[in-house]
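One structure, as structure tokens, below. Some questions next.
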Amino acid sequence: MQQPPPPPHSTPNPYQSQPYQENGPNPAQSGFPYQPASPAPRSTNSIALTYGLIFGAIMVATYILSIVVNQLFISLFIHRIANNALTPFALLQGTIFMIIYWVLYFVMGMLAAQRARKIATATIAGLWASLLFFIAYCVGTMISFIAILRIAYSSGYFISVVLGLLVTLFLHIGVGIGIGALGGLVGKGMGNKTVQMGPPSAYPPM
């Protein structure tokens with residue numbers, strides 16, 4: 001009995017279209033480990049606003065602490081020291097707290113620029129922080145000025161209030177934001193090093 005001939009060997013057509021995959025090749029089929037995509041980075045304005053408000057609130061709390069320290073010192077030692085000794089204490093207290101503010105500006109700029117990898121982000125964050133502090137400073141100065149007016153009006157005190165506002169503007173908006181930008185320069189370098197290092201590779205070295 002004659003056997004039927006075997007079917008002809010079919011070769012795959014290289015021009016035949018492959019089925020379309022909507023989401024690309026399957027990592028399990030390609031043999032490479034699956035790496036999820038990193039989330040999109042936040043905008044620089046959002047980062048600057050966040051750090052500016054956080055450190056601005058810390059500066060406001062520090063300002064309130066300075067007022068409490070000043071009032072405690074006056075209430076405890078006003079009868080034991082001469083009036084001319086209050087001025088050196090006020091200068092010493094103002095210097096110490098101003099250094100604390102500058103340290104906060106530097107740390108804020110460093111963290112903001114490390115997150116956004118832009119020095120401009122540190123500058124904008126410094127503007128937000130100084131604005132929040134200056135509003136609190138103006139409110140505290142107005143309360144003190146109204147309390148003095150109820151006792152007696154003094155042109156010398158009014159001049160000292162105006163000078164205090166101008167000095168505060170210079171030390172915070174001028175010097176403070178500059179120190180924040182310096183911290184941003186340091187933070188940007190730290191952020192670039194982190195990006196260059198990147199996560200550990202899942203592939204063996206060639």
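Quick note: the coordinates plus some simple rules give every number you see, no bench work behind them. Quantities reported herein were computed from a predicted structural model and do not represent experimental measurements. Ideal geometry is used to build each Cβ from the backbone, glycine not excepted, and the neighbour counts take in all protein chains shown.
Once phi is turned into θ = phi - 60°, what whole-Hz ³J(HN,Hα) does the Karplus curve with 6.51, -1.76 and 1.60 give for every residue of region 110-123, x standing for Gly and Pro?
Result, ordered by residue: 5, 5, 5, 6, 5, 6, 9, 6, 9, 5, 4, 5, 5, 5 Hz.
Rounded to whole Hz and in sequence order, give me ³J(HN,Hα) for region 102-108 from the Karplus expression 6.51 cos²θ - 1.76 cosθ + 1.60, θ = phi - 60°, writing x for Gly and Pro.
Values, residue by residue: 5, 4, 5, 4, 5, 5, 4 Hz.
Give me the percent of Cα-Cα pairs in region 44-195 that sit more than 19 Å apart, rounded to a whole number.
Every Cα pair in region 44-195 considered, those over 19 Å come to 57 percent.
Still on this model: Computed FRET efficiency, Cβ-Cβ of residue 175 and residue 62, R0 22 Å: what is it to the nearest 0.05?
Plugging the Cβ-Cβ distance into 1/(1 + (r/R0)^6) gives 0.85.
Let me ask something else about it. Points 7 angstrom from Cα along the Cβ direction at residue 139 and residue 43: gap in nanometres?
2.7
Also, quick follow-up: Could you order the peptides 139-149, 178-188, 58-68 from most to least packed, using the average number of other C-beta atoms within 10 Å per residue?
Ranking the peptides 139-149, 178-188, 58-68 by packing returns 178-188, 58-68, 139-149.
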